[in-house]
Ligand code: DAH
């Protein structure tokens, strides 16, 4: 008995405990063998013999269970210790995404005009000739069409070359007065340091009663807008030509790289061209059936603004999806 007790006490792990259990309590174990002897015991002694054996069995069982509990607890503690998580350890950084600089710039532009109660209009990327050209005073075979290298479809549709057609769509579905901008994607057959076949523009249009909307209004709002975008820059209006406006003007800001001194970016002129604009040509109003109105319009390239704001030298890098560039705008 003592020997068996000791055997159990000496066990130091659960595997050994299991083999000790089989050895003592198993079907072919020590206790079973002792119980088997019962049949040879004289009847008068049977009772005591059996009681002695049963007492021995429950005493050993008790020791065994205690040992088992002890070893299980030990094993559990060992496991907990080895699987412990150090919550103070540095984890993997969850990288934060960010707006693409073009979208961020677009949002900034939209914010300015939305605050002034301009509506934000959209139109389809696949346009028809009337809306993209004709209604904007660009009749077929007009040489000014060459300014915009166009992707045509076989059926005469095209990928819009500017966001100006959204002017036409908006005027066709709404009555004046109109104060709108149209941000969106445009397409041209162009690819070099400053041109990509897909880029973004924001178009603006304000229409009121005849005499109500003037070039002076245009000048005021664009100057204010450019100061909002670029801070303390000089703004210059330069006569130009667009078929859809008369008079037309291109708008320059003093070069933000050399502050007007003259550098490579501004081709040593001290000025950067950032906008096209003008007073809406009467032919445009005629095309949409507007009478006795006046208005101004403007259009700008969002990539150009983003490049100037962030001093990005190559336009194409904006569309390469290189995470090393994008990470700089988080
Ligand atoms: N649509 C012109 C372009 O893509 C930009 C533009 C110039 C829009 C003058 C206008 C405008 O509304 O008045 O080059």
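Rule-based calculations on the coordinates, nothing more; no lab input. Keep in mind it's a predicted model, so treat the numbers as computed, not measured. Counting neighbours? That spans all protein chains shown, and the Cβs are built from the backbone with ideal geometry, glycine included.
Rounded to whole Å, give me the distance from the Cα center of the stretch 316-330 to that of the stretch 247-277.
Centre-to-centre (Cα) distance: 25 Å.
What FRET efficiency, computed as 1/(1 + (r/R0)^6) with R0 = 56 Å and r the Cβ-Cβ distance, is obtained for residue 2 and residue 93, rounded to the nearest 0.05? Intermediate values should be presented prior to the final figure.
Working: r = 63 Å, r/R0 = 1.12.
The calculated FRET efficiency here is 0.35.
Mind sorting 316, 179 by how few other Cβ atoms lie within 10 Å of their own Cβ, fewest first?
Fewest-to-most ranking of 316, 179: 316, 179.
Go ahead and set up a Gaussian network model of the chain, Cα springs under 10 Å, then flag whichever of 237, 64, 152 fluctuates most.
Looking only at 237, 64, 152, the biggest GNM fluctuation is shown by 64.
What ranking of 89, 147, 180, 76 emerges when the number of other C-beta atoms within 10 Å of each C-beta is taken as an exposure proxy, fewest first?
By the 10 Å Cβ count, ascending: 89, 76, 147, 180.
Based solely on its DSSP helices, what 222 nm [θ] is calculated for the chain when runs of n ≥ 4 H residues each add -39,500 (n - 2.57) and the sum is averaged over all residues, nearest 500 deg cm²/dmol? Intermediate values should be presented prior to the final figure.
Details: 11 runs with 132 residues, N = 330.
One gets -12500 deg cm²/dmol as the mean residue ellipticity at 222 nm.
Whole angstrom only: what separates the Cα centroid of the stretch 218-236 from the Cα centroid of the stretch 38-98?
81 Å
Given springs between every Cα pair under 10 Å in a Gaussian network model of the chain, which of 201, 148, 167 has the largest fluctuation?
148
Calculate, in nm to one decimal, what residue 192 and residue 81 gain on full extension: separation in residues at 0.36 nm each, minus their alpha carbon distance.
So the chain would gain 33.7 nm between residue 192 and residue 81.
Considering only 155, 314, 107, give the residue with the highest GNM mean-square fluctuation for the chain, with springs between Cα atoms whenever their separation is below 10 Å.
Its mean-square fluctuation being the largest, the pick is 155.
Would you mind checking the tilt of helix 14-25 against the longest principal axis of the Cα atoms of the chain, expressed as 0 to 90 degrees and rounded to 10?
30 degrees
Report the label-to-label distance for residue 30 and residue 74 in nanometres (one decimal), using points 7 Å from each Cα along the Cα→Cβ vector.
1.9 nm
Extending each Cα 7 Å along its Cβ direction at residue 217 and residue 157, get the distance between those two points in nm, one decimal.
About 3.5 nm, to one decimal.
How far apart, in nanometres, would the label points at residue 51 and residue 327 be if each is projected 7 angstrom from Cα along the Cα-to-Cβ direction?
8.4 nm
For a footprinting-style exposure proxy, rank 38, 218, 193 by other Cβ within 10 Å, fewest first.
Least to most surrounded, the residues fall as 193, 38, 218.
From the Cα gyration tensor of the stretch 191-254, with a ≥ b ≥ c the square roots of its eigenvalues, which class applies: rounded if a/c is under 1.5, or else prolate if a/b is larger than b/c, or else oblate?
Oblate, because a/c is 1.5 or more while a/b does not exceed b/c.
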